[in-house]
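See below for the structure under consideration.
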Amino acid sequence: MCGRYASTRSDSDLQAVFDIAETIGAEVPPSYNVAPTQTVRTVLERPPKDEPEADAVRQLRSVRWGLIPSWAKDAKIGSRLINARSETITEKPSFKKAASRRRCIVPADGYYEWEKRDGAKVPYFLHDGDTGRSAGSTPGGVLAMAGLYELWRDPTKAEDDENRWVWSVTVLTSPAADALGHIHDRSPVVLPPDLRASWLDPTVTDLGAVQDMLAAIPEPRLEPYEVSTAVNSVKNNSPELLTPV
């Protein structure tokens, strides 16, 4: 499960990390408590906006967190599809087409998870365990969470309404590694740098090849630390949420 995460990097930071060629949409403000249905930045590969017949380029684009399948009658289903089990995305009707043609990356500083302990739920922040922390900085490096995106035509909007198409995203999860399994039994799928290009490549459409890519992704090296229960409320959104307790 991944239901909250932190994303504080600027567009310029993300452009450098992910080698972005085209940035679309207004910059999203930093958030220390990203929640479902909010607008988030994603990395994907598509033809340039004004050249639909051209080769795909790497884009940084704003989308809504919570995937809305193309066949959905309304957008409400998105709040239930914030995550997708990586083991079944090539089979489930909600994700199968996106798994074939619309794979993406959801950048994050880290994510929150809650451990059941003594009848209570204790929040943790999980971040990149390879880069450590520096004073006053966001913990670790940028996590490249594997995702799927979809385009949904809003039937309530006119044909000439530029907002008639809703872009949405889901974050893939997998069974948590033993070191993290005591907190929660699932964790986001995190792409290492050497597998990001193949994951984003829209010319790879064979679902068997997608399964092979998922099987090749190693367990992430993440470090957890306990944080304040202030993160429980989406109304709270400040750097203090990342302070260890």
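The values are calculated or read from the model by the stated rules, or taken from the named source; none is laboratory data. Computed from a prediction, not measured in an experiment: that's the story for all the values here. FYI the Cβ positions are ideal-geometry reconstructions off the backbone, even for glycines, and counts take in every protein chain you see. Remember, those area values only see protein heavy atoms, side chains included, never the ligands or the DNA or RNA. Shrake-Rupley method; radii C 1.70, N 1.55, O 1.52, S 1.80 Å.
Structure above, values below:
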| item | result |
| --- | --- |
| Sequence-separation-based contact order of segment 1-81, relative, with Cα cut under 8 Å and 6+ spacing, percent | 28 |
| The chain, accessible surface, carbon-and-sulfur percent (1.4 angstrom probe) | 48 |
| Largest to smallest accessible area among 51, 159 [probe 1.4 Å] | 159, 51 |
| Among the listed pairs 121/235; 73/157; 157/235; 96/116; 76/157; 76/97, those beyond 24 Å (Cα-Cα) | 157/235; 96/116 |
| Prolate/oblate/rounded call for segment 1-146, Cα gyration tensor, a/c under 1.5 rounded | oblate |
| Percent RCO, i.e. relative contact order, over the chain, from Cα pairs under 8 Å lying at least 6 residues apart | 22 |
| Charge context of residue 163, other residues only, Cβ under 9 angstrom, K/R +1, D/E -1 | -1 |
| Segment 137-245 shape via C-alpha gyration tensor axes, a/c threshold 1.5 | oblate |
| Dipole axis of the chain (+1 Lys, Arg; -1 Asp, Glu on Cβ), positive-most option in 60, 225, 43 | 225 |
| Å² per residue, accessible surface of the chain at 1.4 Å | 49 |
| Cα-Cα pairs of the chain separated by more than 31 Å (percent) | 20 |
